[in-house]
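Q: I'd like to ask you about the structure that follows.
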Amino acid sequence: MSDISAAARAALQFGSDEFLYAEPYGEGHINETYAAYYRKADGTEYRNILQKINNYVFPDVDGLMENIKGVTDYLRGIVGERETMTVIPAADGKAYYLDPDGNYWRSYVFIENATAYQKIEKDEDFFTCGVSFGRFQQQLADYPAHLLHETIVNFHNTPSRYEALHAAIAADKAGRAAEVQEQIAFALAREESAGVLVQGMANGTLPCRVTHNDTKLNNILIDDATGKGQCVIDLDTVMPGAVAFDFGDCIRFGASTAAEDETDLSKVEMSLHLFRVFADGYLSTAAPFLTEAELDSLVDGARLMTLECGVRFLTDYLSGDVYFRIHRPRHNLDRCLTQFKLVADMEAKEAEMRAIVKELAAKYR
Ligand code: ADP
Ligand code: GN1
Ligand code: MG
């Protein structure tokens, strides 16, 4: 639910220009995002991004904003102005504003003339997305990872996501377990494979890097005019992780032939063509610094990030929709179904996916 009047009051805290109005903006599942419009003394109008931070998901707002300030200040030293987010300080100089109702707000410079896609419209955009996320990992390769707060503990720890699923099934808070037996069976049949990436990180075969961890397509802005000038956004989950988390989440969302909440499952497939387009872009920037083990882990990442996301949607459905913002009653279940359809499709296409990664890695090494 958006709250325009609370947003309008918060908007007054960011900058000294005349505030005009605020309206809901974008399609994120976590924060409440608004565009806030202002007028400068010379009459020109502009807008900022204004977000009510999801304090349930991110309990440590100080740590969260310290991460984002740290990473964006660091990136600004490497890339151009339109290529990184800019935090607008609140009136008291802090990176957020705490309103009298206990809600946390933050504001960013609005990057205009760029688009966050919900679905791939042209191949070049998905290629660009791959280039950008590969480069993002490379740019942060020397960022002091120990400075980062773990904003969501065990975020991509798939086995711990399974623990949460087991707990939700046992609690059956919303009385929905009987209805989703088939989906529960699908998830549990794959539990054994859930630990591949975290085990690799724990035993040192997969290096721990600074990763974005939420690389879905609409968390990148692509310049409308050039198809470049792209900016990686939604930095809430930038934390130490495995490169396959980022590669995998992009494939999960962007290589699907349908929306994440499509209800006609016959439309949902993992397109090998789109997989190749993204892998080509990603490996063009990442192949030079990835280890052999990391290259081998990319296809596992695609399957696991999709399975994990499906498990999270199912858990949230069972828990009564407490985490992801929903817009209709069965929304989380619909999302779970697309993810599991994609997992099954990736399992059928695994050999082809591995061959594509191998071929493209060789092209860039
Ligand atoms: P959530 O965590 O809820 O996904 P995001 O930070 O991804 O929230 O923001 C939601 C949407 O708002 C994005 O998908 C994008 O469309 C838009 N957005 C966010 N930051 C900016 C920005 N700096 N400039 C322009 N659009 C933005
Ligand atoms: C959430 O914040 P947003 O909408 O980009 C979620 C991701 C999920 C995604 C599924 C912090 O992403 O982990 O993969 O929804 N982000 C968080 O669409 O939980
Ligand atoms: Mg987002």
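Q: Quick check on segment 85-111: of everything there that is in a loop (DSSP other than H, G, I, E, B) and within 16 Å of ligand 3 (Cβ to nearest atom), which residue is nearest to TYR37 (Cα to Cα)? Break it down stepwise before answering.
A: To start, the set of residues in segment 85-111 that are in a loop (DSSP other than H, G, I, E, B) comprises 85-86, 89-96, 99-103, 110-111.
Right, trim to within 16 Å of ligand 3 (Cβ to nearest atom) and you get 85, 110-111.
Values: MET85: 18, PHE110: 10, ILE111: 13 Å.
This residue is PHE110.
Q: If you don't mind, another one. Does any residue of segment 179-198 turn out to be of a type outside the set (A, V, I, L, M), more than 16 Å from ligand 1 (Cβ to nearest atom), in contact with a Gly (Cβ under 9 Å, 6 or more places away or on another chain) and without any contact (Cβ under 8 Å) to a residue 60 or more places away in the chain? Let's see the steps before the verdict.
A: To start, the set of residues in segment 179-198 that are of a type outside the set (A, V, I, L, M) comprises 179, 181-183, 186, 190-193, 195.
Narrowing the set further to residues that are more than 16 Å from ligand 1 (Cβ to nearest atom) leaves 179, 181-183, 186, 190-193, 195.
When the remaining residues are screened for being in contact with a Gly (Cβ under 9 Å, 6 or more places away or on another chain), the result is 183, 186.
Filter once more, so that each one left must be without any contact (Cβ under 8 Å) to a residue 60 or more places away in the chain: none.
Looking through segment 179-198, none of the residues is of a type outside the set (A, V, I, L, M), more than 16 Å from ligand 1 (Cβ to nearest atom), in contact with a Gly (Cβ under 9 Å, 6 or more places away or on another chain) and without any contact (Cβ under 8 Å) to a residue 60 or more places away in the chain.
Q: Also, quick follow-up: Against the conditions (1) of a type outside the set (Gly, Ala, Ser); (2) open to solvent by 60 Å² or more (accessible area, probe 1.4 Å); (3) away from ligand 2 (no atom under 16 Å from the Cβ), where does ASP60 fall short? Just the number, please.
A: The number of the failed condition is (3).
The values are calculated or read from the model by the stated rules, or taken from the named source; none is laboratory data. Quick caveat, the model's predicted, so the values are computed rather than measured. Cβ atoms come from the backbone with ideal geometry, glycine included; neighbour counts cover every protein chain shown. Calculation scope for accessible area: heavy atoms of the full protein, side chains included, ligands and nucleic acids excluded. Shrake-Rupley method; radii C 1.70, N 1.55, O 1.52, S 1.80 Å.
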